[in-house]
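Take a look at the structure set out below.
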Amino acid sequence: MAKTPRAANLGAQAESAIAAWYHAQGYEVLARNWRTKDGELDVVVGLDDVVVVVEVKARSSRRFGTGLEAITPEKLARLFRLGRSFLHVHSLHQATLRVDVASWVDGTWHVVHDVRP
């Protein structure tokens, strides 16, 4: 299903805000909207030897649940696959990969670090 212009704008604003938040925490923003034929990573940040794939979910209301609730086991597995691909492409072979989910709903951020299957 294609995003409406309003939803796409909300998503882009949320991605910018979370990238800025991670940067303020000392992370380097390595990529935004990194795409391959297999999918897209919203935000990729790094700190020391850890590379973090950040899946950003923005909701204007809780009507359809929170962003974290939208992360299925299949989606999480795909994020790890894409993250490993990012590490390979950028020769970050010694880095540890972590997946975080940043969910914005009703004006509040919820960031869950180190989400695992």
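The values are calculated or read from the model by the stated rules, or taken from the named source; none is laboratory data. Quantities reported herein were computed from a predicted structural model and do not represent experimental measurements. Backbone-built Cβ (ideal geometry, glycine too); neighbour counts: all protein chains shown. Quick note on the areas: whole protein, heavy atoms, side chains included, nothing else; ligands and nucleic acids left out. Shrake-Rupley method; radii C 1.70, N 1.55, O 1.52, S 1.80 Å.
Each label was represented as a point 7 Å from its Cα along the Cα-to-Cβ direction; for D106 and F80 these points are 3.2 nm apart. For the stretch 48-105, the list of trypsin sites (Lys or Arg not before Pro) that fall in a loop by DSSP and count at most 11 other C-beta atoms within 10 angstrom reads R62, R63.
For the chain, the solvent-accessible area of protein heavy atoms averages 60 Å² per residue (probe radius 1.4 Å; ligands and nucleic acids excluded). Fully extending the segment from A70 to V50 would add 4.7 nm, taking 0.36 nm per residue of separation and subtracting the current Cα-Cα distance.
Which chymotrypsin sites (Phe, Trp or Tyr not before Pro) from the stretch 4-88 combine a DSSP loop assignment with at most 14 other Cβ atoms within 10 Å? Kindly include the intermediate steps, with their values, before the conclusion.
Working: sites: W21, Y22, Y27, W34, F64, F80, F86; in loops: Y27, F64.
Here the sparse-neighbourhood loop sites are F64.
According to the square roots a ≥ b ≥ c of the eigenvalues of the Cα gyration tensor, what is the shape class of the stretch 58-117, taking rounded for a/c under 1.5, prolate for a/b larger than b/c otherwise, and oblate for the remainder?
Prolate.
Measure off, as a whole percent, the carbon and sulfur share of the 1.4 Å-probe accessible area of the chain, all protein chains present.
Numbers: 3680 of 7030 Å².
That share works out to 52 percent.
When every alpha-carbon pair in the chain is counted, what percent end up more than 25 Å apart? For the chain, the share of Cα pairs beyond 25 Å comes to 18 percent. Here the sum of -39500 (n - 2.57) over DSSP H runs of 4 or more residues, divided by the residues of the chain, equals -11000 deg cm²/dmol at 222 nm, to the nearest 500.
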